[in-house]
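I have placed the structure first, in the form of structure tokens, so that the comments after it can refer back to it.
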Amino acid sequence: MKVYVQTDIEGVAGVVFFEHYDPSPENVQHRQRMRRLLTGEVNAAVTAAFEAGATEVIVNDSHGSGYNVLFEELDARCEIIHGRNCSGPHWLPEFDDSFEALVLVGMHAMGGTPKAILPHSRWEVNDGEIFLGEASMAAALAGHRGVPTVFASGDDKIVAELREKIPAARYAQVKKALGAYQARSLIPARSRELIAQGVKEALEHAGDIEPYRIRGPLQLNLIDSPNHAPPFTRVLDKSVEAANIEDAFMQALKAMPWNKFNVELPDGFQFP
Ligand SMILES: [Zn+2]
């Protein structure tokens, strides 16, 4: 059984701020601490997946820089995809229909969700017929390949959003959001325990959980802002149209003004 673990950091117990790049020792230490909290939750999911019979577990370090999980501390049986992706719009690199399940750790609510921790990104399907956050978009991309999303962790708002879309999956609510930057949080030892239990149970019942499918053809746009704060607007002047969610998503990412894929080092480039 192959399991894909998609990770983000906003939904980890103890995380209530977007990181900033201030080089002060306090900030560097704070960021390192957030990464340790993320790593603990990811590792809980990985170990539980192996306990539930996984033979291969791939972790995707997907937040911001793509270099957040302290991978030297992970269960040595898994492998990790990390680093900045400049080669193409691949949200779930190396993902294909050979995986039996998608597991989501550290997820946040979609942009505009009231009283959610660090909510951002609202994908709009067919002019508002369906809205997807980053977590439900990952689930839809997996669903397109026939793979079910069996588990997710995060705050109460993302758990509620996903539970509505994928009722049979298992969830771990690791904090209750009190606002965008304040939460009532479980202590890491407890959040990891809930994640481990949830992943184990989810994989034992993976066969009963339907892939989350968005039917095509469809139109797709993204509602967001450059710093993820209101006012939110449609990022693309014209929604992209495609036969299925995967093609629509790839097209939309390529059209985003801030994405520049296929970046290569210029001729004569030398490292300082
Ligand atoms: Zn993130």
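Values in this text are rule-based calculations from the coordinates and carry no lab data. Since the model is a prediction, treat every value here as computed from it, not as a measurement. Note that we place each Cβ from the backbone using ideal geometry, even for glycine, and neighbour counts take in every protein chain shown.
Once every DSSP H run of n ≥ 4 in the chain is given -39500 (n - 2.57) and the sum is divided by its residues, what mean residue ellipticity at 222 nm do you get, rounded to the nearest 500 deg cm²/dmol? Kindly include the intermediate steps, with their values, before the conclusion.
On the way: 5 runs with 76 residues, N = 272.
Computed mean residue ellipticity for the chain: -9000 deg cm²/dmol.
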Check: Using alpha carbon coordinates only, what is the Rg to Rh ratio of the range 3-46, with Rh defined as the Kirkwood radius?
Finding: 1.02
Item checked: Lysine pairs within the chain, Cα separation less than 22 Å, 8 or more sequence positions apart or different chains -> 14
Item checked: Solvent-free Debye scattering, log10 I(q)/I(0), computed from the Cα coordinates of the range 219-272 at q = 0.16, 0.17, 0.22, 0.32 Å⁻¹ -> -0.60, -0.64, -0.84, -1.24
Checklist line | Cubic angstrom per residue, convex hull over Cα atoms of the chain | finding: 142 Å³
Next item on the list: Give, to the nearest whole percent, the P(r) tail of the range 108-180 beyond 18 angstrom, counting all Cα pairs.
Entry: 35 percent
Check: If you place +1 on the Cβ of every Lys and Arg, -1 on the Cβ of every Asp and Glu, and leave all else neutral, what size is the dipole of the range 1-122 about its Cα centre, to the nearest 20 Debye?
Finding: 440 debye
Check: Which is farthest toward the positive dipole end of the range 121-272 among 240, 178, 152, measuring Cα position about the Cα centre, with Cβ charges +1 (Lys, Arg) and -1 (Asp, Glu)?
Finding: 178
Item checked: Under 5 Å, built H, 5+ apart or other chain: amide partners of residue 62 -> 7
Item checked: Prolate/oblate/rounded call for the range 71-152, Cα gyration tensor, a/c under 1.5 rounded -> prolate
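What order, most packed first, do the peptides 5-13, 123-131, 199-207 have when packing is the mean number of other Cβ atoms within 10 Å of each residue?
So the order, starting with the most tightly packed, is 5-13, 199-207, 123-131.
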Margin query: Suppose every Lys and Arg Cβ carries +1 and every Asp and Glu Cβ carries -1, with no other charges. What dipole size does the range 63-189 come out with about its Cα centre, to the nearest 20 debye?
Written below: 560 debye
Check: Which residues' amide hydrogens lie under 5 Å from the amide hydrogen of residue 151, considering only partners 5 or more residues apart or on another chain, with H built in the peptide plane?
Finding: 104, 170
Item checked: Overall Cα dimensions of the range 57-114, principal axis frame, Å, largest first -> 39, 28, 25
Check: Could you give the dipole magnitude of the chain about its Cα centre, charging the beta-carbon of Lys and Arg +1 and that of Asp and Glu -1, in debye to the nearest 20?
Finding: 720 debye
Notebook entry, point to check: Per the Debye formula with a single identical scatterer at each Cα and no solvent contribution, what log10 I(q)/I(0) holds for the range 112-235 at q = 0.16 Å⁻¹?
Noted result: -0.85
Next item on the list: Give the Debye-formula value of log10 I(q)/I(0) at each listed q (0.21, 0.24 Å⁻¹), with one equal scatterer per alpha carbon of the range 181-268, two decimals each.
Entry: -0.96, -1.06
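Determine, for each peptide in 187-195, 168-176, the mean count of other beta carbons within 10 angstrom over its residues, then list the peptides with the highest first. Walk me through the numbers on the way to the answer.
On the way: 187-195: 18.2, 168-176: 22.6.
Ranking, from highest mean packing down: 168-176, 187-195.
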